[in-house]
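Accompanying notes for the structure given below.
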Amino acid sequence: MSAAAEAGARARANIRAILLILGGGVAYAVVLAAAGLLMPFAGVSVVVGFVALVAVCERIGRLVGPAGQGVYERVLAFGFPALVLLIWQEAGDHDLINTTWFPQPSRIAVAIWDLTVHYDRFSQTSLIGRPWLIPSRFSEGGFAGVWTLLSESHVVATVGRVAVGFVLGAIPGILLGVVMGVSRAVRLMLDGSLSAIYVLPKIAIFPIIMLVFADPFGEGPKILVVALSVFVLVSINTMAGVLGIDMVYLMAGRNYGARGWKLMRHVILPGALPVIFAGLRIALGTAMIVIISVEFVRAKQGVGYLIYYYWEVLNPEKMYAGLVVVMIIGVALNWALQALQRWLMPWGR
Amino acid sequence: MTGGDWSAAKISARNVTKIYPAKHGATVALEEFSLDVALGEFVCIVGPSGCGKSTFLRMVAGLEDISQGAIHIEPGATPDKPLNSVVFQEYAIFPWKTVIDNVAFGLQMRGVAKRDRLQTAHFWLDKVGLTKFAHYYPHQMSGGMKQRVSIARALANDPEVLLMDEPLGALDAQTRLVLQEELLRIWEETRKTVLYITHSLDEAVLLGDRVILMSAHPGRLLATFPIDIARPRTIEVVNTPHFAELRAEIWARLSKEVTRAMDN
């Protein structure tokens with residue numbers, strides 16, 4: 001058999017298999033419907049449907065030529081979440097799930113839109129700070145006017161606390177981590193304590209941090225608790241990164257005359273950078289957890305406050321909207337961190 | 001240079017001993033090892049693994065402490081030249097620097113102006129045939145190319161002596177042949193004093209003016225073989241009867257040592 005004929009036979013076999021699975025799925029649904037068991041078997045059907053979908057997609061993946069692989073990957077990557085949302089929507093519309101606690105995606109989208117365009121007169125906040133008002137406020141009050149607009153925003157409050165806390169924690173974290181990596185004495189003195197603080201949930205020290213500040217309800221304690229959690233994670237990772245540098249690079253650096261700051265700048269820092277960035281990414285995730293928890297507990301503004309506020313007034317759509325906003329913030333900050341990594345580490349693949 | 005006398009020892013090692021202390025007794029890696037390398041001489045050290053040859057090289061490079069004895073490298077007429085530069089088996093070129101920046105590294109550390117150091121680096125990159133790859137990062141290159149970069153980095157640094165620690169040990173057989181030929185050509189042009197560690201007898205006889213044979217556990221000097229093959233050499237000399245004789249003579253001595261080391 002020629003190669004072309006063989007490929008044709010394989011393609012036909014795949015198509016047969018796909019039709020068989022689809023036919024089986026239809027038969028399964030018809031039988032359940034006829035027996036009136038559609039609802040009791042819903043859970044089972046979801047599992048069966050998912051397995052059948054995977055089987056069909058695998059076959060389609062084999063049918064698609066090399067040129068189509070890119071499209072195939074994108075269709076699966078975006079198509080499946082879209083399908084889940086669609087099923088969620090349909091299940092909600094047909095009262096198969098309790099839409100009070102699981103509002104349909106369309107209602108969550110509407111809630112996001114509402115939050116975006118409306119200004120809450122009671123708490124004097126809005127979600128993103130009503131950017132469409134920027135031109136008029138600028139002509140009235142200049143930059144101060146724009147600033148009052150931005151400072152009413154939940155997103156700006158949360159992102160600001162995370163960003164400032166992250167930078168304030170990461171820079172000393174990297175410095176201490178490098179010192180711990182280089183100096184055995186410092187490492188021996190601090191490693192145990194840092195590991196102990198590392199496992200401590202940072203939110204647990206928030207009350208103590210509030211005590212320290214003159215204004216316990218201001219921005220200071222919130223930023224500091226983020227900074228502390230980032231600091232611990234980044235210092236531990238940086239130390240590991242420095243310790244992990246291959247000895248031969250340190251020997252080469254020394255042999256070619258790098259001492260002190262030059263050794264640091266040209267060998268130790270770049271050598272530890274991949275692990276430092278791994279630590280920064282973990283620290284970013286932790287910073288998000290910490291800030292949202294802190295805003296649950298003690299804040300008049302911020303996306304965490306928003307979620308908790310709509311729990312108190314029992315508006316699930318807007319709670320979900322808050323979650324979506326948190327996800328968007330997380331993805332955006334992570335993306336920014338990766339951009340920074342590409343800029344600082346052009347040698348990385 | 002002491003009067004430019006060719007016989008003056010450029011590297012002199014006197015009764016060098018290296019002991020690694022441990023909780024239960026100490027390991028003697030190198031015992032009472034003495035060696036003189038003349039100015040412009042190419043000396044190869046061979047020996048079974050564990051004979052301390054790499055340890056010795058690192059002590060010459062100042063990267064490892066000397067337990068007893070002394071090693072001296074005679075400074076040259078120009079005091080700002082580095083005494084030694086090492087070519088490591090693992091290449092040890094920095095993944096975070098481009099090829100050209102790697103080659104210019106030693107000069108940069110010594111504070112040579114950017115224009116001058118890049119010019120020197122380009123000169124040596126050209127010598128090893130990597131001009132086109134100046135702005136590549138090491139991860140984009142093969143092992144043979146990385147080792148060329150490492151050799152160019154050492155030569156661009158223009159050291160008094162060149163220390164090579166099994167530089168071709170990690171390469172495949174074909175690449176090794178090509179690089180051996182390049183080393184012969186470059187050495188012919190520079191006539192640097194070279195201390196060369198290898199586990200390949202062929203390589204030692206091909207490249208060296210002298211082959212030093214070492215024993216293992218503890219590392220000791222076993223024998224010295226002068227290699228009187230005329231320079232300039234090419235890779236073809238490995239096919240001559242004289243090369244085979246020299247090789248056989250050293251092997252006769254080395255094989256006994258290898259068996260002894262394996263029996264221990």
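The values are calculated or read from the model by the stated rules, or taken from the named source; none is laboratory data. No experiment lies behind these values; they were computed from the predicted model shown. As a convention, Cβ positions derive from the backbone with ideal geometry for all residues, glycine included, and neighbour counts pool all protein chains shown. Heads up: the accessible areas ignore ligands, DNA and RNA and are worked out on the full protein's heavy atoms, side chains in. Shrake-Rupley method; radii C 1.70, N 1.55, O 1.52, S 1.80 Å.
When a 1.4 Å probe is rolled over the protein heavy atoms, the share of accessible surface on chain A that falls to carbon and sulfur comes to 72 percent. Cross-link partners of B:K146 among lysines, defined as those whose alpha carbon lies under 16 angstrom from its own and excluding same-chain residues fewer than eight positions apart: B:K97, B:K127, B:K132. For the chain pair B and A, the interface hides roughly 2000 square angstrom of accessible area in total, found with a 1.4 Å probe. The Cα center of segment A:276-319 and the Cα center of segment A:110-149 differ in position by 21 Å. Nonpolar atom fraction for segment B:89-159, defined as the carbon and sulfur part of the 1.4 Å probe accessible area, stands at 49 percent. Given the options A:Q124, A:Q89, A:Q301, state which has the largest fluctuation in a GNM of chain A using a 10 Å cut-off (strictly under) for Cα springs. Comparing A:Q124, A:Q89, A:Q301 in a Gaussian network model of chain A, the most mobile one is A:Q124. Each residue of segment B:239-256 was assigned a 3J(HN,Hα) from its phi angle through the Karplus curve 6.51 cos²θ - 1.76 cosθ + 1.60 (θ = phi - 60°); the sequence is 8, 7, x, 5, 4, 4, 4, 4, 4, 5, 4, 5, 4, 4, 6, 5, 4, 4 Hz, with glycine and proline shown as x.
Computed from label points 7 Å out along Cα-Cβ, the spacing between A:V117 and A:F102 is 2.9 nm.
Angle of helix B:173-190 to the longest C-alpha principal axis of chain B, folded into 0 to 90 degrees and rounded to 10: 70°. The residues of the protein assembly as shown have, on average, 51 Å² of accessible surface per residue, using a 1.4 Å probe with all protein chains present. Quick check: the angle from helix A:184-199's long axis to the longest principal axis of chain A, C-alpha only, nearest 10 degrees? It is inclined by approximately 40 degrees. Across peptide B:103-109, the mean count of Cβ atoms from other chains lying within 10 Å of each residue's own Cβ comes to 4.
Counts of other chain beta carbons within 10 angstrom of each beta carbon in peptide B:84-93 average 4.
Only helical DSSP H runs with n ≥ 4 go in: add -39500 (n - 2.57) per run for chain A, normalise by residue count and round the 222 nm mean residue ellipticity to 500 deg cm²/dmol.
-26500 deg cm²/dmol
Helix B:114-127 and the longest principal axis of the C-alpha atoms of chain B enclose an angle of approximately 60°.
Legend: translational diffusion of chain A by Stokes-Einstein, Rh = Kirkwood radius over C-alpha pairs, 10 °C, 1.306 mPa s; D = 63 µm²/s.
Working note: Cα atoms of segment A:262-340, range along each principal axis, descending, whole Å: 58, 22, 15. The distance between label points at B:H72 and A:L86 comes to 8.6 nm (points 7 Å beyond Cα on the Cα→Cβ vector).
When the inverse distances between all different Cα atoms of chain B are averaged and flipped, the Kirkwood radius reads 19.2 angstrom. On the beta carbon distance between A:L38 and A:L76, with R0 = 45 Å, the FRET formula returns roughly 0.95. With each label modelled as a point 7 angstrom along the Cα→C-beta vector, the A:A4-B:T259 pair spans 6.6 nm. Evaluating 6.51 cos²θ - 1.76 cosθ + 1.60 at θ = phi - 60° for every residue in segment B:209-222, the Karplus couplings come out as 7, 8, 10, 9, 9, 10, 9, 9, 6, x, x, 9, 6, 9 Hz, glycine and proline recorded as x. Burial here means at least 40 square angstrom less accessible surface with every protein chain in place than with the chain by itself, probed at 1.4 Å; in segment A:213-255 the buried residues are A:V248, A:Y249, A:M251, A:A252, A:N255.
By the rule of a C-alpha distance below 23 Å, with chain neighbours fewer than 8 residues away ignored, the lysines paired with A:K202 are A:K222, A:K300.
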